[in-house]
Every structure is written in C-alpha cells, then in structure tokens.
Amino acid sequence: MNWKPTATSTPVHARLSIHGNAWIAVIASTPVVPLRSPVQATFAEFLAALEFWETELFSDLTMMVDCYEFIRMVETQRHRNTDIKLLTMSDGSDDAGAMTFGWIISLPDGTRLAKCSGPVYGPFGTSFRAEGYGFLSVTRFLFRLSEFCRIKPDWRVKLMTDNLGLITRLEKSLPFSDPFPNLTLQPDWDVTNKIIKTLQSIQIDPILEHVKGHQDDHTL
C-alpha cells in the first residue's frame, strides 16, 4: 500500500477484537495544549499578576522612574568613596494589632528611586513582624525588578532597619541554604525565612545594617 500521511492525518492504534477475528482502531485523545500566560507589558502589570500575598507587598508602590531607568541610574552613577550602589531603609509599626510597613530606596547620593507602604498580615500584631514585612517587601521588589528586566545585578546594596533583632536573625541564617529545625519554631519565621530565601536567590551583595530609631535610647 503506497500511502503517506498528510498534515490532517491522525495517528491511531489498533487492538484485536474479543473474538480475535477483527481489528479495532483506537484513536488517541487530542493532546491539550496549555494556555500561555499573558505577557505583562509593564512592571506594574507584572507585580499585579503575582500571587495575592506578594502583590500585597507592593500595594502602595511609587517609582520615581521606570524600572529600566532605575537600573540605568544604579549602574551608571558616579561613586563617592563607596562601593555601595543602592540604599534601602524599611520600617514597620504595630498599633494594637493593626500593622503596617514602609520602605524607601535611594542612591548613595540621596536620589530617591522608589518607595512603598502597605498592610501587614499575621495572627498577632508585633513590631517585629511589621518591620520584617517591610524588609521582605523591599527584598522582593529587588528580586522581581531583576526578574522582569531580565538582569542579574551584582550590586552592593545596604539594607537598613531599626530592628536589631531582625538583623541578627537574618545574619545568622544567611550563610546556610537550609534552616536549622529549631529556627522554624521561632515567631514570624515565615517572614524571616522568605527574606533569607529571596536574598539568596538574587546576586546582589547585601550589607545588613541596624540604624537607631525612635525606640532606642539614643538616636543618630
């Protein structure tokens, strides 16, 4: 039989009938082609398409420049006796269980590039969790910025907060790819672990720094 399949031909299998005197064609089911996720045109659309918990981290995000200009300004700035390319300052507060966070990003010369604030979720209101949320939000911002713009920044970034306990916990965990079991029992581990995993997944060189705030006896 001189036959060649065409573009509309469908491959089939055949099985012997129960009486063994005929063959029955078995047509394979049509494969389901997965729908492609829509491509977001802007960074704002990209953030809005994330899972709810992460979208809420950018609920009140303001960028002074677009994401590509942000990167250009970081990489082309003139250094002034420092190898640090970016500064972030985050904070959080708890008012009788109503928690909020805020952060700002700037160049070392003081040029502001982005700021954000938003609500904090959790079973109990604590200033530690609120400030951890602020730290998580700014690290996820840097992570998603590099992902959307398809870059692998090797920036040296100073991440600042006035919560010394948060800095101490992060510094102890950063060198290790997996958390120690006893650390998973600590309050707000879900927040601090996500910060650690985010910092480990991006190629920035972080400097974690405690700055004195309103709760300290002596402020700078």
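Where a number appears in this text, it was derived from the coordinates with a stated rule and is not lab data. The model shown is predicted, which means the values in this text are computed figures rather than measured ones. Glycine also receives a Cβ, built like all others from the backbone with ideal geometry; neighbour counts cover every protein chain displayed.
Stick to the Cα atoms of segment 69-108, pair each with every other, and give me the Kirkwood hydrodynamic radius in Å at one decimal.
Answer for segment 69-108: a Kirkwood hydrodynamic radius of 12.3 Å.
For a quick check, take a GNM of the chain with Cα springs below 10 Å and name the residue from GLY20, GLY102, GLY165 with the largest mean-square fluctuation.
GLY20
Compute the Rg/Rh shape ratio of the chain: radius of gyration over Kirkwood radius, all on alpha-carbon atoms. Before the final figure, lay out the partial values.
Details: Rg = 26.0 Å, Rh = 20.7 Å.
Radius of gyration relative to Kirkwood radius: 1.25.
Net charge around ALA130, counting only other residues with Cβ within less than 11 Å of its Cβ (Lys, Arg = +1; Asp, Glu = -1)? Walk me through the numbers before you get to the answer.
On the way: positive: ARG129; negative: ASP91, ASP94, ASP95, GLU131, ASP188.
Taking every Cβ under 11 Å from that of ALA130, the sum is -4.
What is the magnitude of the charge dipole of segment 56-121 about its Cα centre, with +1 placed on the Cβ of each Lys and Arg, -1 on the Cβ of each Asp and Glu, and no other charges, expressed in debye to the nearest 20? Mind dumping the intermediate values first?
Values: 6 positive and 10 negative charges, 79 e Å.
Computed about the Cα centre, the dipole is about 380 debye.
With +1 on each Lys and Arg Cβ and -1 on each Asp and Glu Cβ, and nothing else charged, work out how big the dipole of the chain is about its Cα centre, in Debye to the nearest 20.
The calculation lands at about 1120 debye.
Please give me the summed charge of the neighbours of THR161: other residues whose Cβ is under 9 Å from its Cβ, Lys and Arg +1, Asp and Glu -1.
Details: positive: none; negative: ASP91, GLU131, ASP162, GLU209.
Residues near THR161 contribute -4 overall.
So which chymotrypsin sites (Phe, Trp or Tyr not before Pro) in segment 122-220 pass both tests, a DSSP loop state and at most 14 other Cβ atoms within 10 Å of the Cβ? Write down the numbers at each step before the final one.
Values: sites: PHE124, PHE128, TYR133, PHE135, PHE141, PHE143, PHE148, TRP155, PHE176, TRP189; in loops: PHE124, TRP155, PHE176.
Loop-located and lightly packed - PHE124, PHE176.
Lys/Arg Cβ at +1, Asp/Glu Cβ at -1, dipole of the chain taken about the Cα centre: which of ALA114, VAL65, ILE151 is farthest positive-ward?
ILE151
Please determine, in degrees from 0 to 90 and to the nearest 10, the orientation of helix 164-173 with respect to the longest principal axis defined by the Cα atoms of the chain, where the helix direction is its Cα long axis.
Helix 164-173 and the main axis of the chain meet at about 40 degrees.
Taking the chain as a Gaussian network, Cα atoms linked when under 10 Å apart, which of SER137, SER59, SER17 shows the biggest mean-square fluctuation?
With Cα springs under 10 Å in the chain, the top fluctuation among SER137, SER59, SER17 is at SER17.
Sum up the charges of everything whose Cβ sits under 12 Å from the Cβ of LEU86, counting Lys and Arg as +1 and Asp and Glu as -1, but leave LEU86 out. Intermediate results must be reported in sequence, preceding the final value.
Details: positive: LYS85, ARG112, ARG156, LYS158; negative: GLU75, ASP83, ASP109, ASP154, ASP205.
Charge balance near LEU86 sits at -1.
How far is helix 67-76 tilted, in degrees, relative to the longest principal axis of the Cα atoms in the chain, given as a value from 0 to 90 rounded to the nearest 10?
Helix 67-76 and the main axis of the chain meet at about 60 degrees.
Measure nothing but the geometry: give the 0 to 90° angle between the long axis through the Cα atoms of 189-201 and the longest principal axis through the Cα atoms of the chain, rounded to 10°.
Relative to the chain, helix 189-201 is tipped by roughly 80 degrees.
State the antiparallel share, in %, of DSSP beta bridges confined to the chain, rounding to the nearest 5. Could you put the intermediate results ahead of the total?
Numbers: 23 of 33 bridges.
Beta bridges within the chain, antiparallel portion: roughly 70 percent.
Could you tally up the Lys pairs in the chain with alpha carbons closer than 18 Å? Skip any pair fewer than 8 positions apart unless they're on separate chains.
10
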